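Presented below is the structure to which this report refers.
The values are calculated or read from the model by the stated rules, or taken from the named source; none is laboratory data. The model shown is predicted, which means the values in this text are computed figures rather than measured ones. Cβ atoms come from the backbone with ideal geometry, glycine included; neighbour counts cover every protein chain shown. Calculation scope for accessible area: heavy atoms of the full protein, side chains included, ligands and nucleic acids excluded. Shrake-Rupley method; radii C 1.70, N 1.55, O 1.52, S 1.80 Å.
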Amino acid sequence: MSDPSTQQQQARPAVPVLHEQRLDEVLGTAPERGRGRYRPHRVGMVWRSKVFRAGAVIVALALCWLVILALVREQTGPEGFLVGLGLAVLPVPLLMAAFRWLDRVEPGPWRNLLFSFAWGACAAALVAIIANSFATRWIATATADPASADTLGATVIAPVVEESAKAAAVLLIFLFRRREFSGVVDGVVVAGFTATGFAFTENILYLGNAFGEDQQLGSSGFASVTAGTFFVRIVMSPFAHPLFTVLTGLGFGFAAVSARRHRARRIALPLLGLLLAMGLHALWNGSSSFGPYGFYAVYGIVMVPAFGLVTWLAIWSRQRELRTLAAELPAYAAAGWLTPAEPSALSSMRARGMARDLARHWQPDRTRGRAAARAVAEYESFATSLAGLRRRARHGAVGPDFGARERELLHHLWQRREIAAPALTHAALLTAHPGAHHGRPLPTPYGTGNGYANGYGYAYGTGYGPGHTPVYGQTHGHTPGYGHTQGPTPGYGSGAYPPPQPYGGAPHSHRRPPS
């Protein structure tokens with residue numbers, strides 16, 4: 001009788017490699033627990049303690065916010081501050097939800113987004129308030145013309161100062177959270193959160209000042225300055241600041257996917273995005289000086305088309321991430337890390353959401369259901385990162401830690417495979433054949449050991465070892481369910497650990513998978 005491990009190694013299919021090179025040393029079996037933690041090599045880092053660095057950032061941003069509170073209350077008064085705060089917060093949830101929706105394919109960590117929002121609302125806003133006030137006073141003193149000083153400050157000084165201050169947050173994420181800044185969508189989302197925070201603080205100041213002016217004039221209702229300011233800043237142009245800074249984010253995003261050998265391009269693209277942001281900001285601030293209809297002309301001819309173009313580009317980049325999943329993940333499915341149906345499921349937002357719902361409903365109680373849905377969501381995120389990493393490797397946009405990063409991602413996938421793979425495989429079939437389980441309870445494949453078939457005659461009896469293809473369109477008397485296989489190739493449920501390798505590496509000894 002032949003050795004099952006030998007048969008398993010012989011059954012392992014070949015996979016295309018990057019640039020026609022055999023990278024045997026890149027990927028072995030998934031590491032044991034405690035060895036799958038990827039730690040990039042850090043150069044020039046002064047702060048080694050994460051707690052210290054996080055605490056220092058939080059304290060610095062909190063101090064900036066306290067100074068802003070004092071400055072704004074001094075200008076608007078307590079009542080004006082409260083009115084401005086209540087009105088300025090209205091567009092914030094909508095903008096954050098829009099950018100978070102855009103980031104659903106590969107969601108970035110909330111700590112980066114909260115830092116970006118806080119930087120815009122605190123640090124960037126404080127820099128803008130102090131620098132703009134100082135520059136305007138200096139110009140008024142030098143020219144003895146306060147009116148021209150205000151116009152010059154709004155059209156020249158403010159765009160340069162504000163966009164530079166907001167771009168600092170994108171630069172910090174790009175430099176110190178490089179693993180989580182992998183493309184155009186990440187640049188758009190980080191820049192959007194930063195600008196949303198900045199606009200929030202700025203709107204408090206403008207709306208508070210408008211309310212104070214109404215208090216002095218005794219005006220109220222739709223004819224008040226507060227109503228006019230609210231309509232222009234909150235209703236007509238809540239996207240203005242996000243639109244400006246998103247141009248900077250696009251520059252950083254395109255730099256992130258550029259080949260590492262193109263150093264000039266990786267530097268020039270963020271600078272070009274920043275210059276475009278400053279130019280559009282200056283045009284918007286100076287629109288009122290173009291005549292009585294200058295504001296409406298700039299709004300209709302420049303701002304709205306620019307907003308539509310940037311929105312289309314962001315959505316196109318989001319769809320490109322899904323196409324990358326469909327193009328890159330089949331290599332890992334052929335090697336046995338994924339089931340054959342998973343690449344199509346992972347490249348469909350509908351199937352991804354359905355997989356999370358299936359994993360939740362297949363569990364016996366609500367607590368386990370939430371945990372299972374969270375595991376599937378994490379699995380989808382890691383798979384997206386893996387596909388993006390492989391695509392960047394094809395374009396020469398990865399560093400020497402590519403192999404370690406790939407092993408870590410595969411390790412995380414393997415740890416969640418028992419829950420996520422059945423759900424995604426089933427979701428792929430349901431999306432390919434809508435209504436397959438309409439009106440019937442969904443079967444659960446977890447730990448049943450029994451096969452099941454849907455109304456279209458699909459039988460689910462598949463292990464997840466390499467070289468094993470799910471049996472679709474066939475039914476047997478007792479088809480084994482998920483986690484069980486027939487024949488020499490052991491499945492995940494049997495306790496054996498298949499060693500699939502996308503790059504055709506040498507076989508390794510079997511080990512029990514991490515729990």
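Using heavy-atom solvent-accessible surface (probe 1.4 Å) with all chains present, what is the largest-first order of Asp103, Asp357?
On the way: Asp103 5, Asp357 70 Å².
In descending accessible area the options line up as Asp357, Asp103.
Would you give the gap between the C-alpha center of the range 147-189 and the C-alpha center of the range 249-270, rounded to a whole Å?
Cα centroid of the range 147-189 versus Cα centroid of the range 249-270: 16 Å apart.
Quick one: net charge around Arg370, please, counting Lys, Arg +1 and Asp, Glu -1 for every other residue with C-beta under 15 Å from its C-beta. All intermediate terms of the calculation are to be shown ahead of the outcome.
Working: positive: Arg356, Arg360, Arg366, Arg368, Arg374, Arg416; negative: Asp357, Asp365, Glu378.
Once all neighbours under 15 Å are counted, the net charge is +3.
Kindly provide the trypsin sites (Lys or Arg not before Pro) of the range 44-138 that DSSP labels as loop, not H, G, I, E or B, and whose Cβ sees at most 14 other Cβ atoms within 10 Å. Walk me through the intermediate numbers first.
Working: sites: Arg48, Lys50, Arg53, Arg73, Arg100, Arg104, Arg111, Arg137; in loops: Arg48, Arg104.
In loop regions of the range 44-138 (DSSP not H, G, I, E or B), the sparsely surrounded trypsin sites (Lys or Arg not before Pro) are Arg48.
In what sequence, largest accessible area first, do His412, His395, His281 appear using a 1.4 Å probe? Please list the in-between numbers first.
Details: His412 35, His395 95, His281 5 Å².
The ranking, largest first, comes out as His395, His412, His281.
Please work out the Cα center distance from the range 207-224 to the range 65-105, rounded to the nearest Å.
After rounding, the separation between the Cα centres reads 19 Å.
Probe 1.4 Å, all protein chains in place: accessible area of Met278 in Å², nearest 10?
The value for Met278 is about 30 Å².
What distance in nm separates the two pseudo spin-label positions at Ala97 and His262, each 7 Å out from Cα along the beta-carbon direction?
With each label point 7 Å from Cα toward Cβ, the separation is 3.8 nm.
What chymotrypsin sites (Phe, Trp or Tyr not before Pro) does the range 239-293 have in DSSP loop regions with at most 15 other beta carbons within 10 Å? Could the numbers behind the result be given before it?
Working: sites: Phe239, Phe244, Phe252, Phe254, Trp284, Phe290, Tyr293; in loops: Phe239, Tyr293.
In loop regions of the range 239-293 (DSSP not H, G, I, E or B), the sparsely surrounded chymotrypsin sites (Phe, Trp or Tyr not before Pro) are Tyr293.
Per Stokes-Einstein, at 25 °C and 0.890 mPa s, what whole-number D in µm² s⁻¹ belongs to the range 171-245, with the Kirkwood radius over Cα pairs as the hydrodynamic radius?
Value of D from the Cα-based Kirkwood radius: 172 µm²/s.
What does the charge count near Ala227 come to, summing +1 for each Lys or Arg and -1 for each Asp or Glu among other residues with Cβ under 15 Å from its Cβ? The partial results should precede the final answer.
Values: positive: Arg233; negative: Glu213, Asp214.
Around Ala227, the surrounding residues sum to -1.
Taking every pair of distinct Cα atoms and averaging 1/r, then inverting, what Kirkwood hydrodynamic radius in Å comes out for the range 213-330?
Values: mean 1/r = 0.0586 Å⁻¹.
Result for the range 213-330, one decimal place: 17.1 Å.
Suppose accessible area is computed on protein heavy atoms with a 1.4 Å probe; arrange Trp110, Trp337 from highest to lowest. Let's see the in-between values first.
Working: Trp110 120, Trp337 5 Å².
I get Trp110, Trp337, largest accessible area first.
Within the range 158-262, report the trypsin sites (Lys or Arg not before Pro) that DSSP leaves as loop and that have at most 16 other Cβ atoms within 10 Å. Walk me through the numbers before you get to the answer.
Details: sites: Lys166, Arg177, Arg178, Arg179, Arg233, Arg260, Arg261; in loops: Arg177, Arg260, Arg261.
In loop regions of the range 158-262 (DSSP not H, G, I, E or B), the sparsely surrounded trypsin sites (Lys or Arg not before Pro) are Arg177, Arg260, Arg261.
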